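Enquirer: Sending over a structure as structure tokens; questions will come in a sec.
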Amino acid sequence: MLTVEELRRIASEAGIDPAATEAAIEEVMAGEAPAPVPAVQVEEQKPELPVKKSKSPSTGWIVASGAVGTAMGFITALPEAIGIPAFGAAVMYLIVRAVQSMKRGTQLDFQLQNFALWFGVFVGGAALDVIPVDEMFTGAFLVWIVTSIAGGLLVKFGPREEEADAEVPRLGPGNS
């Protein structure tokens, strides 16, 4: 059994407020039992578990990528003065999606968005029939392969959001 002085020393080492320690000691010494905790209050307090973001593919972003790709395909099939910036805009959109997928570590989500984008570019460009379909398919296919590899490596080896948790300062002996 601990003495009152040992209890004060332990509380002090643990960083507990001396006033709170004295109040607890007085309560125990007076023979008062601590107030019971109502059952309702206990049921309302549920342990907080860390929530991880879902790594399943985001259907909305896949559809959006296909829509952006189709729009860019229509624009890309127009004269070069308009088509080349549209192609660049499609690549920039894909880079943004790759960075967001990298932070979450969702490789499948990025690859499906990448495929939807370039398939949309092919469909949009082929629909205008300005560029021959086989050339449009070959161009979209080659760019899809290159962006799949480059973006896939970015998603695979880039920093993740979970890694930021390791930098959170922890309380411990000597830390305040």
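Enquirer: Please state which of the following conditions E44 fails to meet, knowing it meets all the rest: (1) modelled with pLDDT of 75 or more; (2) over 30 Å from T138 (Cβ atoms).
Expert: (1)
Enquirer: Follow-up. Go through the residues of segment 152-164 one by one and say whether even a single one is part of a loop (DSSP other than H, G, I, E, B), of a type in the set (K, R) and farther than 26 Å from E80 by Cβ.
Expert: yes
Enquirer: Restricting segment 63-80 to residues that are open to solvent by less than 40 Å² (accessible area, probe 1.4 Å) and farther than 16 Å from N114 by Cβ, which is modelled with the highest pLDDT?
Expert: Result: T76.
Enquirer: Of everything in segment 102-148 that's part of a helix (DSSP H, G or I) and of a type in the set (D, E), which residue is least open to solvent (accessible area, probe 1.4 Å)?
Expert: Out of the qualifying residues, it is D109.
Enquirer: Determine, yes or no, whether I16 is at pLDDT 85 or above and in a loop (DSSP other than H, G, I, E, B).
Expert: Numbers: at pLDDT 85 or above: yes; in a loop (DSSP other than H, G, I, E, B): yes.
For I16, the condition - at pLDDT 85 or above and in a loop (DSSP other than H, G, I, E, B) - is met.
Enquirer: Collect the residues in segment 63-80 that are outside any helix (DSSP H, G or I) and of a type in the set (A, V, I, L, M, F, W, C), keeping them in residue-number order.
Expert: Within segment 63-80, A77, L78 meet the criteria.
Enquirer: V99 versus (1) at pLDDT below 85; (2) open to solvent by less than 80 Å² (accessible area, probe 1.4 Å): which is the lone unmet condition?
Expert: With respect to (1) at pLDDT below 85; (2) open to solvent by less than 80 Å² (accessible area, probe 1.4 Å), V99 is out only on (1).
Enquirer: Checking G83 against (1) modelled with pLDDT under 85; (2) assigned to a helix (DSSP H, G or I); (3) surrounded by fewer than 18 Cβ atoms within 10 Å (Cβ to Cβ): exactly one of these is not met. Which one?
Expert: (3) is the only condition that G83 fails.
Enquirer: Please verify whether segment 25-32 includes one or more residues that are farther than 30 Å from R8 by Cβ, at pLDDT 80 or above and either open to solvent by 50 Å² or more (accessible area, probe 1.4 Å) or small (G, A, S) (or both).
Expert: Within segment 25-32, none of the residues are farther than 30 Å from R8 by Cβ, at pLDDT 80 or above and either open to solvent by 50 Å² or more (accessible area, probe 1.4 Å) or small (G, A, S) (or both).
Enquirer: Separate question: Looking at the structure I just gave you, is G151 surrounded by 12 or more Cβ atoms within 10 Å (Cβ to Cβ) and modelled with pLDDT of 85 or more?
Expert: yes
Enquirer: Residue pairs, Cβ under 7 Å, 6 or more apart or interchain, first in segment 79-103 and closer than 17 Å to G120 by Cβ, second among the polar types (S, T, N, Q) and modelled with pLDDT of 85 or more. List them.
Expert: Final answer for the pair search is L94/N114; L94/T147; R97/S65; R97/Q113.
The values are calculated or read from the model by the stated rules, or taken from the named source; none is laboratory data. Model, not experiment: these values are computed from the prediction. Methodologically, a virtual Cβ is constructed for each residue, glycine included, from the backbone with ideal geometry; neighbour enumeration extends over all protein chains shown. Just so you know, the surface numbers come from the protein's heavy atoms only, side chains and all, with ligands and any DNA or RNA stripped out. Shrake-Rupley method; radii C 1.70, N 1.55, O 1.52, S 1.80 Å.
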